[in-house]
Amino acid sequence: MLDEGDVAGLRAYLKQHPKLARQHVTFEGGNYFRNPTLIEFIAENPVRHNALPANILEVAKVILDAGVEQVALNETLGLVSTGSVPRECQVQIPLIDLLCDRGADPNSALQIAVVLGELEAARALIDCGARINLPIAAGLGRTADFARLLPSSTGEDRHLALTVAADLGQFEIVQLLLEAGVDPNRYNPVGGHSHTTPLHQAAGRGYEKIVRLLVEHGARLDTKDLLWNGTPADWARRGGRKVLEAYLHAHEAVKE
């Protein structure tokens, strides 16, 4: 009924079986979608059908009216905020607004939305009251907020800030972090492409100015990512960034 957008049928069924809205199910697949409740399926994340019914907001309201747990609300908000299908179906922002209006905590989804590059979703979460910290300001390129937060930030926040800024092409933020002494050679933190370094991400994305800046500040060229055993030059090649690949190889030769 959810997948078909059968609002009347779903409402009647939940009225007959009120516990269903809070019941956890076992979802096959071995990924992050474990033991979900009904509301979490409105996000289509992970992708099952690559589509959502046109009336998914009304479907969501029926489930919310039946009563859902706070944990499920927050989990659903995170799935919606990072899901490509809600975005492509142009319901990501309306669903974010609905879930937050019904009590989901916008802070619970903000950081992962920024880390995964869902910046419109991140802005919607901020509009719903989510707090801006250093990594959030870095990913969104909010330079004034970043400059205000940098002096009192922790090393952990600076580490993640460099990760997201390099991955999302925020040159000025990367520059400020490097000038503040953040090490460009650490692997990114858990939850932020932790198998790579900032140079891997920037090279793969094709951010030439950031790649050059990182190299100028001592980023290692021979560090290999932890999944595919590739150097930053390898990541540039896989991304079709031939100019960057040549630049990185040239600097590898100089350092030898």
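If I filter segment 85-102 down to residues being of a type in the set (V, I, T) and either part of a helix (DSSP H, G or I) or touching a Gly at 6+ places or on another chain (Cβ under 7 Å) (or both), which single residue comes out as surrounded by the most Cβ atoms within 10 Å (Cβ to Cβ)? My answer is I96.
Close Cβ contacts (under 9 Å, 6 or more residues apart or on different chains) running from residues in segment 81-99 that are among the basic types (K, R) to residues that are surrounded by fewer than 18 Cβ atoms within 10 Å (Cβ to Cβ) comprise R87/E120. Remark: pairs (first residue in segment 23-37, over 19 Å from E69 (Cα atoms); second residue at pLDDT 80 or above and loosely packed, with under 15 Cβ neighbours inside 10 Å; Cβ separation under 7 Å; 6+ apart in sequence or on different chains) = G29/P46; N31/P46.
With respect to (1) assigned to a helix (DSSP H, G or I); (2) free of Cβ contacts under 8 Å to residues at least 40 places away in the same chain; (3) touching a helix residue (DSSP H, G or I) at 6+ places or on another chain (Cβ under 8 Å); (4) not hydroxyl-bearing (S, T, Y), the lone exception for R131 is condition (1). Residues that are assigned to a helix (DSSP H, G or I), modelled with pLDDT of 95 or more and either crowded, with 24+ Cβ neighbours inside 10 Å or in contact with a Ser or Thr (Cβ under 7 Å, 6 or more places away or on another chain) (or both) do not occur anywhere in segment 147-159. Out of curiosity, is L214 buried (at least 24 other Cβ atoms within 10 Å of the Cβ), closer than 26 Å to A144 by Cβ and modelled with pLDDT of 95 or more? Taking the combined requirement at face value, the residue satisfies it. When residues in segment 224-235 are screened for being surrounded by 18 or more Cβ atoms within 10 Å (Cβ to Cβ) and in a loop (DSSP other than H, G, I, E, B), 3 of them pass. Looking at V190, is it farther than 16 Å from G117 by Cβ, under 14 Å from the mean Cα position of the chain (by Cα) and among the hydrophobic types (A, V, I, L, M, F, W, C)? Yes, satisfied.
The values are calculated or read from the model by the stated rules, or taken from the named source; none is laboratory data. Source: prediction; values computed, not measured. Neighbour counts are summed over all protein chains in view; Cβ atoms, including those assigned to glycine, are modelled from backbone coordinates with ideal geometry.
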